[in-house]
Amino acid sequence: MSNLSAGAEQARSQHQKITRIKFIRRIFFMIVGSALFSIGLEIFLVPNNIIDGGVVGISIILSHLTKIPLGVFLVILNLPFLLLGYKQIGKTFAISTLFSVVLMSIGTSLLHPVQAITIDPLLAAVFGGIILGIGVGLVIRSGGSLDGTEIVAIVFSKKSPFSVGEIVMFFNFFILASAGFVFGWDHAMYSLIAYYIAFKMIDITIEGLDQSKAVWIISDESEKIGETITFRLGRGVTYLKGEGAFTGDEKKVIFSVITRLEEAKLKSILDELDPKAFLAIGNIHDVKGGRFKKKDIH
């Protein structure tokens, strides 16, 4: 066996290993996420004729028209997408998604006889969307999914100029519009509210409330600013080499990662040390390793 193939085999074996604690934690969050999703559907949205996007929205419409239990459609309609996900994305993702979808189906069946908490469609859309989004976010963080259209979007995005988000929005536009013909246009608008809230809650659940931000700073006082960021924010700083396109002067670019709560403090540091410094801030979805740990601001 060559060194390359041996290294690949070792990397593969290392990738497959997962500690029992991590495995149990994944299963736990998939169960909790699927349960929350079921509650959002059966206790808030479905009784008020409000739908979600994707396969779930199609399932709610078909269940309403045929009187067949919602859970049946959730499993049947997701199966082709699960097969596609198994081939295109991976075995672990497909199994995690199947597990979550089955749990969701069982949850909706058990909760269907339970009376809705509210019959106010606006309250149902808001709180249903919140609970739904948290549920989906927990499942995604655990390595699975609850909607087959996301799998299709991932596959299509590899062969088209459109992003995953754009493809999902395209699908959901027609699904949410169809709710207008089935439940009435007021319920379609409530469905849009629920979908938007769920979409935002998924982001918050995945990224966390204490969202990380990447910062780039260009200043003649770069070393002083870098030292101050390290001392007062407790953040690691990396100096990058840059060159001004207009002047040709060499510049030292500061790169660091901070939390959303530290953004105001960083700006006050720049105002204090170099008010003319160039600052660029961007949101990042995840950060791991290095010196990125929560510190006291002083």
### Query
What part of the accessible area of segment 183-272, given as a whole %, is carbon or sulfur when the probe is 1.4 angstrom?
58 percent
### Query
Label L273 and V102 with points 7 Å out from Cα along Cα→Cβ: what is the distance between them in nm?
5.6 nm
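Is segment 20-63 rounded, prolate or oblate when judged by the Cα gyration tensor, a ≥ b ≥ c being the square roots of its eigenvalues, rounded requiring a/c under 1.5 and prolate requiring a/b larger than b/c? Spell out each step's value before the answer.
Working: a/c = 4.64, a/b = 2.53, b/c = 1.84.
Here segment 20-63 falls in the prolate category.
Leaving ligands, DNA and RNA out of it, rank H187, H112, H64 by accessible area with a 1.4 Å probe, largest first. Write down the numbers at each step before the final one.
Numbers: H187 40, H112 120, H64 70 Å².
The ranking, largest first, comes out as H112, H64, H187.
Computing the accessible area with a 1.4 Å probe over protein heavy atoms, can you report the carbon and sulfur percentage for segment 92-156?
Details: 2120 of 2800 Å².
With neighbouring chains kept in place, the figure for segment 92-156 is 76 percent.
Could you state the accessible area per residue of segment 48-114 in Å², with a 1.4 Å probe and every protein chain left in place?
Computed with neighbouring chains in place, this is 48 Å² per residue.
What number, in nm² with one decimal, is the all-direction average of the projected area of the convex hull of the alpha-carbon atoms of segment 69-162?
7.1 nm²
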### Task
Using a Förster distance of 25 angstrom, determine the FRET efficiency expected from the C-beta separation of T19 and I206, and round it to 0.05.
0.70
### Message
If you filter segment 33-119 for trypsin sites (Lys or Arg not before Pro), then keep DSSP loop positions with at most 16 other Cβ within 10 Å, what is left?
### Response
K67
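What does the extension gain come out to for L65 and S178, with contour length at 0.36 nm per residue minus their alpha carbon separation?
Extra length available between L65 and S178 comes to 39.4 nm.
Quote to one decimal, in nm, the extra length available between I284 and T247 on full extension: 0.36 nm per residue of separation minus the C-alpha distance between them. Walk me through the numbers before you get to the answer.
Working: separation 37, 0.36 × 37 = 13.32 nm, distance 3.09 nm.
Taking 0.36 nm per residue and subtracting the Cα distance, the gain is 10.2 nm.
Please work out whether segment 16-90 counts as rounded, prolate or oblate from its C-alpha gyration tensor, where a ≥ b ≥ c are the square roots of the eigenvalues and a/c under 1.5 means rounded, while otherwise a/b larger than b/c means prolate and anything else oblate?
On the way: a/c = 3.24, a/b = 1.59, b/c = 2.05.
Cα axes put segment 16-90 in the oblate bin.
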### Summary
Subtracting the Cα-Cα distance of F231 and L79 from 0.36 nm times their residue separation yields 49.4 nm
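Quick check: from the Cα gyration tensor, does segment 81-134 come out rounded (a/c under 1.5), prolate or oblate? Kindly include the intermediate steps, with their values, before the conclusion.
Values: a/c = 4.08, a/b = 2.20, b/c = 1.86.
Verdict is prolate for segment 81-134.
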### Query
Which entries in the list K213/K267; K200/K265; K224/K267 go over 23 Å, if you measure between the two C-alpha atoms of each?
K200/K265
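The values are calculated or read from the model by the stated rules, or taken from the named source; none is laboratory data. The model shown is predicted, which means the values in this text are computed figures rather than measured ones. Here Cβ is always computed from backbone atoms with ideal geometry, including for glycine, and neighbour counts include all displayed protein chains. Accessible surface areas use protein heavy atoms only, side chains included; no ligands, DNA or RNA. Shrake-Rupley method; radii C 1.70, N 1.55, O 1.52, S 1.80 Å.
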